[in-house]
Amino acid sequence: MAAFTPPPLPSDDKRWKIVNGTMRKNGFARHALIETLHTVQSAFGYLDDDSIRFVARSLRVPLSQAYGVVTFYHYFSLKPPGKHTVTVCAGTACYIKGADKLIATAEKRLGISQGQTTSDGEISLMTARCVGACSRAPVVLFDGEVSGEMASEHMLEQLERWTVA
Amino acid sequence: MTIEELEQIAKSVLQENEKYDFEVNVCMDLACMSQGADRLREALAKAAETSGKKILVRRTGCMGPCSSGPLVRVDPEEHLYHHVKAGNADAIVASLGGAPVPDLQCDLNDHFDKQVRVVLENAGHIDPEKIDDYISRDGYKALLTALTEMTPNGVVHRITESGLRGRGGGGYPTGLKWGTVAKAGGDMKYVVCNGDEGDPGAFMDRSVMEGDPHRVIEGMAIAAYAVGASKGFIYVRAEYPVAVSRLTTALRDARRRGLLGNGICNTPFNFDIEIRLGAGAFVCGEETALLASIEGRRGTPRTRPPYPAVSGLWGKPTLLNNVETYANIAPIIRNGGKWFANMGSERSKGTKVFALTGKITNTGLVEVPMGIKLREIIEGIGGGVPGGHTFKAVQTGGPSGGCIPAEMLDLGVSYDALMAVGSIMGSGGMIVMDDTSCMVNVAKFFVEFCKSESCGKCIPCRAGTAQMHTLLTRICDGKGTMEDLDLLVSLCETIKETSLCGLGMTAPNPVLSTLKYFRNEYIEHIVNKRCPAGVCTMEAPVPEAPVEVLA
């Protein structure tokens, strides 16, 4: 049986080398699929058709299976994120303390629904299942930075700062 | 590495610490970090440097009462300071050796007095990124004792004797599980740690992984020795980046010290651990789904038997336990099974860590002996409901659990007692609700969660949760009928009895328990079109179409 040769990198973009590194570290084993997709998403911000195809071919996983995994897990995104991301935690403790109102406020201010990005590509509005900072609920993450006991006014202030900058 | 070398390291850490007159411990857990604990630590380090006193400023894991954060504890005096800002650093450093800073001192004796710390014994005392700190507090002693003085069978026996039950929520006897994997044949076995704390409102496992990562590693290594495994996986949620980085550091340090790898402690025992990242799927907390996810597939559960203990990862016998279960192992090996069995209640031994959140004064992480009354946790340790509101219910077990009303606060916390009142122990989330929470709305929230997290493999869960959600939305919008309640109950029973995995089987719990204890609220919504808590708006448009089966 001929030895398996992984496909060439999709482009000169150096980030593909990082992706390839994760696969090599795992010996191009099929079970490295989720690990590799994590690397792609952290390097590129999201997963597009090209990257899923490349990973599937490299790991010899059927494309249908790779796509199935990408769409099964909430953490993977098929859309590029905005320049900034505001994430409202929608876990139970945050919900009890009014996270739904924060989401509604942000949706109204940005004119988008949760999971979307403003048309100028500036701000994405996301919700999280629980970030584990429940003791300071409600929690909002601004570009990944956790802020606790969030009030609508404070969240709006931060959103204004992003819009102006 | 031998026990003597371990003791040598512990001794040198203590000698190093003795060079300092004071220790200033800064809690750097997520909750305190979100309040500026990193700036505070820098300020303290700077103030300590210029003060001329011999001060050790140490970063630690979660100290517990997060609502009072950022927290600083000054040793040896054991003064605890709350709501500390970077601006207070000079005052704290200046006070060392004299009277404590009065404005910052907090009196949380009621909070701490009733707690018993086993799993959290190191939290707030060690730097989670320093393996030597862990070793100085008897770390890895249990592993080396097990390897050099105990047989694998002896380890299983000691765990069985302790009466420890799985802390992930199911409460399966840990010793029995270990014994099954140990007896399973085959040359390759795996040990897996479930750190996929998907239950929203719970963060015990995150705090343990972030605040004391070596404790989890040591527990896994002991487990591997007991069952004859050579490879381990820790499955952590991708939403916990700090836990991932702390565990990565801890694994690297443990390998460097020869506590992981080949021929550990000059014995033939080989063991190493890899981290696997979750990707945001609640169902992956279910054991067969978690194993599928580690294998790089969609996290859908399968029918059992065969149980993972017989056929798990890649068809090999696999031991799967939760973070907190592994965190209990080292103290049991060190202190004996009887010591552990002496704590707790008749059939639930030891302690349990709870994440106390919601409408309660002292939110945070608490560890209590099993059997303690809910009232003591909520009114004593938690400080009760703030703002003049009245307590309505406490929710345990997350989306799989139930809501327990005020009349039942004298219930002792144990697996069986919680099950008997229609809730579950779960992984340890405890969310307190007051008179401003609508119980119908809460039930709807959980069902919405289960609906979106259902993997879709079996029909009762996939279609049933969607139908429950439709009915609950109708009731919340003031469009429900009394017949809907009957339909809801019969639907719940069907989902409970026919779902494939734990997610579906327990998804109706929040509905059934609120229907049992707060039926009046449902009736108020249906008959008087009124939400007693003022949460539901009663005007959202709802399609009039009858409930269709979506299967």
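Values in this text are rule-based calculations from the coordinates and carry no lab data. Quick caveat, the model's predicted, so the values are computed rather than measured. Here the Cβ positions follow ideal geometry from the backbone for every residue, glycine too, while neighbour counts run over all protein chains shown.
List of remarks:
- Phi to ³J(HN,Hα) by Karplus 6.51 cos²θ - 1.76 cosθ + 1.60 over the stretch A:98-105, Hz, x for Gly, Pro: x, 5, 4, 5, 4, 4, 4, 4
- Three-way shape label, the stretch B:1-122, alpha-carbon gyration tensor, a/c 1.5: oblate
- Acute angle (nearest 10 degrees) that the helix A:33-44 long axis makes with the longest principal axis of chain A, alpha-carbon atoms: 60
- Nearest-ten-degree value, helix A:49-59 long axis tilted from longest Cα axis of chain A: 50
- Compared with the dominant Cα axis of chain A, that is its longest principal axis, helix A:152-164 is turned about 60°.
- The stretch B:443-527: relative contact order in percent, alpha carbon pairs under 8 Å with at least 6 residues between: 37
- Ranked B:LEU71, B:LEU247, criterion: other C-beta atoms within 10 Å, fewest first: B:LEU247, B:LEU71
- Amide H contacts of B:ASN322 (H built 1.01 Å from N, under 5 Å, at least 5 apart or other chain): B:ARG167, B:GLY168, B:ASN194
- B:ARG137 versus A:ARG161: modelled label distance in nm, points set 7 Å from Cα along the beta carbon direction: 3.4
- Cα centroid separation, the stretch B:284-315 to the stretch B:199-269: 20 Å.
- Here the dipole of the protein assembly as shown is about 1920 debye; that uses its Cα centre as origin and unit charges on the Cβ of Lys and Arg (positive) and Asp and Glu (negative).
- Dipole orientation for the protein assembly as shown: of the candidates B:GLY64, B:ASN25, B:THR506, B:THR506 has the Cα lying most toward the positive pole (charges on Cβ; Lys, Arg +1; Asp, Glu -1).
- Here the relative contact order of the stretch B:344-411, from alpha carbon pairs under 8 Å that lie six or more residues apart, stands at 26 percent.
- Of all complete DSSP H helices in chain B, those with a Cα span along the helix axis of 15 Å or greater and a mean Kyte-Doolittle hydropathy of 0.5 or more are B:213-227, B:439-453.
- Order of B:LYS85, B:LYS141, B:LYS177 under a 10 Å beta carbon neighbour criterion, fewest first: B:LYS85, B:LYS141, B:LYS177
- Solution diffusion estimate, µm²/s, Stokes-Einstein, the protein assembly as shown, Kirkwood Rh from C-alpha pairs, 20 °C, viscosity 1.002 mPa s: 81
- Under the convention that each Lys and Arg Cβ holds +1 and each Asp and Glu Cβ holds -1, the size of the dipole of the stretch A:84-164 around its Cα centre is about 300 debye.
- Sorted by Cβ neighbour density within 10 Å, fewest at the top, the residues B:HIS125, A:HIS74: A:HIS74, B:HIS125
- Our coupling estimate for the stretch B:86-95, obtained by passing each phi through the Karplus curve with A = 6.51, B = -1.76, C = 1.60 and θ = phi - 60°, is 4, x, 8, 4, 4, 4, 5, 5, 5, 6 Hz, Gly and Pro reported as x.
- 5 angstrom amide H check on B:LYS392, placed H, neighbours 5+ away: B:MET433, B:ASP434, B:ASP435
- Within-15-Å neighbourhood charge of A:LYS25 [Cβ basis; K, R +1; D, E -1]: +2
- Between the listed residues A:PRO6, A:PHE54, A:SER42, the Cα displaced farthest toward the positive end of the dipole of chain A, a dipole computed from Cβ unit charges relative to the Cα centre, is found at A:PRO6.
- Counting DSSP beta bridges with both ends in the stretch B:138-341, the antiparallel % (nearest 5): 10
- Lys/Arg +1, Asp/Glu -1 at C-beta; the protein assembly as shown dipole; positive extreme among B:ALA10, B:PHE282, B:HIS525: B:PHE282
- Tensor-based shape of the stretch A:35-108 (alpha-carbon gyration tensor, a/c under 1.5 rounded, otherwise prolate or oblate): prolate
- Cα gyration tensor shape for chain B, rounded if a/c is under 1.5, else prolate or oblate: oblate
- Descending principal axes extents, the stretch A:48-165, alpha-carbon based, whole Å: 50, 32, 20
- Among beta bridges that DSSP assigns inside chain B, antiparallel share in %, nearest 5: 50
- With the convex hull drawn over the C-alpha atoms of the stretch A:15-72, the volume per residue is 66 Å³.
- Cross-link pairs exceeding 26 Å in C-alpha to C-alpha distance, out of B:LYS53/B:LYS85; B:LYS54/B:LYS141; A:LYS83/B:LYS444; B:LYS457/B:LYS496, comprise B:LYS54/B:LYS141; A:LYS83/B:LYS444.
- Counted over all Cα-Cα pairs of the stretch B:351-434, pairs farther apart than 16 Å make up 42 percent.
- Point-to-point label distance, A:LEU9-A:GLU122, nm (Cα→Cβ direction, 7 Å offset): 3.5
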